[in-house]
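Structure, as structure tokens:
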Amino acid sequence: MNLNSSIPDGALRGVRVIEMGQLIAGPFAGKTLGEFGADVIKIEAPGSGDPLRNWRMIKEGTSVWWQVQSRNKRSIALDLRSAEGQDIARKLIAEADVLIENFRPGTLEGWGMGWDALSALNPGLVMLRISGYGQTGPYRDLPGFGAIGEAMGGLRHLTGEPDRVPVRCGVSIGDTLAALHGTIGVLTALYHRKVNGGKGQVIDVALHEAVFNVMESLLPEYSAFGAVREAAGSALPGIAPSNAYRCNDGYVLIAGNGDSIFKRLMAVIGRDDLAHDPALADNAGRVVRVAEIDAAISVWTATRPITEVLDLLGGARVPAGKVYTAKDIAEDPHYRARDMILAQSTRDGYDLEVPGVVPKLLGTPGTVRTSAPGLGDDTDGVLRELGLSEPDIAALRDKGVVA
């Protein structure tokens, strides 16, 4: 069996990925690999498909989110709960480099597709497993979504205003962080297999661990000092000044926390007394008097429009920025100059602007080669590549194994 693909050259050309995940974490990892040339075959349940197809805002019967999350993928509608569907999945996995799954731990084992069975079938297989709590430990069998991972990982405790209900950041950051950690794991495992002659292996990513990994000094501060970091609104605790400040037409973020940057910032706002105060020469001193510094900045910004504030601070080389909305992003020339807003024609017959590819590889850049598939768009093609005949495919379709 040989799964051929007409996908153009890319950094991951020749890497074949089977994606069994749904919704966010697993599919985001598949999206990232696909953007750099991997052939991603997405397995979906016949009839319903990935629930993300129907999440948030719908156009022409499909979520516009789907158009981003599933670009560069091929869709095969396959019933993994049937013995024949599991057999087809095993054949696909036998020819694959990577398997992505984000089912609850034990699900694949119940279908006869645990790691021991699949690695015996394909010793070079790299298997990315994303779950709420990981494949081991006392919580492994509990259901876990990204929001719960954000809470357990320590992030939700820090979001929002002090003594208020914790808030989320507005996107499924826990899922995405898990996906990015999983992608790093996949690429590391593929490198080890190719360069070091290693075998395939499992990448076990827990949602809460992916969040915890980016929590900076949260745990060391508790370990060393017994300090429990608390929510601080828009400020960055322990680093000053870095906050959101009200202008007369909105808010700006100003990060004046470098020693020389602080002096330039104070000069712009007319506070040379603070700029040359020896007690404020370094971050430790500024943290002690952060309320005074923030008040001085706020008095200056409050009477000015955002554009004036940004012009003056930009001229003084002080990092500052407007709080962007979707409209601001869509109209920003810098986004467009860096190909971060792409025009994409959907299979539903309309054009859509979507985010570009990150990161930027200058030699083998990521691309959007195909738009997101309809459910089962590639079922017949993938099955033919496995060597199934047209009568075989028709029989499977009659039984509801494929669609």
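The values are calculated or read from the model by the stated rules, or taken from the named source; none is laboratory data. As the structure is a prediction and not an experimental result, all values here were calculated from the model. Because the Cβ atoms are built from the backbone with ideal geometry, glycine has one as well, and the counts that use them run over all protein chains shown. Heavy atoms of the whole protein, side chains included, go into the accessibility calculation; ligands, DNA and RNA do not. Shrake-Rupley method; radii C 1.70, N 1.55, O 1.52, S 1.80 Å.
Here are some notes:
- The set of residues from the stretch 34-69 being in a strand (DSSP E or B) and either of a type in the set (Gly, Ala, Ser) or modelled with pLDDT under 95 (or both) comprises just one member, SER63.
- The residues on offer are ILE184, ILE203, and the sole one that is open to solvent by 90 Å² or more (accessible area, probe 1.4 Å), within 22 Å of the chain's Cα centre (by Cα) and modelled with pLDDT of 95 or more is ILE184.
- Residue ID - nearest to VAL186 (Cα to Cα), chosen from residues in the stretch 86-106 that are in a helix (DSSP H, G or I) and open to solvent by less than 40 Å² (accessible area, probe 1.4 Å): ILE93
- Filtering the stretch 156-175 to residues that are of a type outside the set (Gly, Ala, Ser), in contact (Cβ under 8 Å) with a residue 24 or more places away in the chain and touching a helix residue (DSSP H, G or I) at 6+ places or on another chain (Cβ under 6 Å) leaves PRO166, ASP175.
- Tallying residues that are within 20 Å of VAL17 (Cβ to Cβ), without any contact (Cβ under 8 Å) to a residue 60 or more places away in the chain and of a type in the set (Lys, Arg) within the stretch 349-386 yields 1.
- Number of positions in the stretch 20-33 that are in a loop (DSSP other than H, G, I, E, B) and open to solvent by 10 Å² or more (accessible area, probe 1.4 Å): 3
- Where THR301 falls short, out of the listed (1) crowded, with 16+ Cβ neighbours inside 10 Å; (2) within 13 Å of ALA255 (Cβ to Cβ): (2)
- Some residue of the stretch 216-225 being in a loop (DSSP other than H, G, I, E, B) and either within 19 Å of GLY106 (Cβ to Cβ) or touching a Leu at 6+ places or on another chain (Cβ under 9 Å) (or both): no
- Of all residues in the stretch 117-136, exactly one satisfies the criterion of being out of contact with any helix residue (DSSP H, G or I) (no Cβ under 9 Å at 6 or more places or on another chain) and free of Cβ contacts under 8 Å to residues at least 60 places away in the same chain, namely ALA120.
- Exactly one residue among GLY153, GLY137, GLY110, GLY132 is over 30 Å from TYR324 (Cα atoms) and surrounded by 13 or more Cβ atoms within 10 Å (Cβ to Cβ), and that residue is GLY132.
- Of all residues in the stretch 187-200 being open to solvent by less than 70 Å² (accessible area, probe 1.4 Å) and either part of a loop (DSSP other than H, G, I, E, B) or at pLDDT below 95 (or both), the one that is farthest from GLU101 (Cα to Cα): GLY197
- Exactly one residue out of LEU362, LEU352 is part of a loop (DSSP other than H, G, I, E, B), open to solvent by 30 Å² or more (accessible area, probe 1.4 Å), among the aliphatic types (A, V, I, L, M) and over 30 Å from ALA244 (Cα atoms): that is LEU362.
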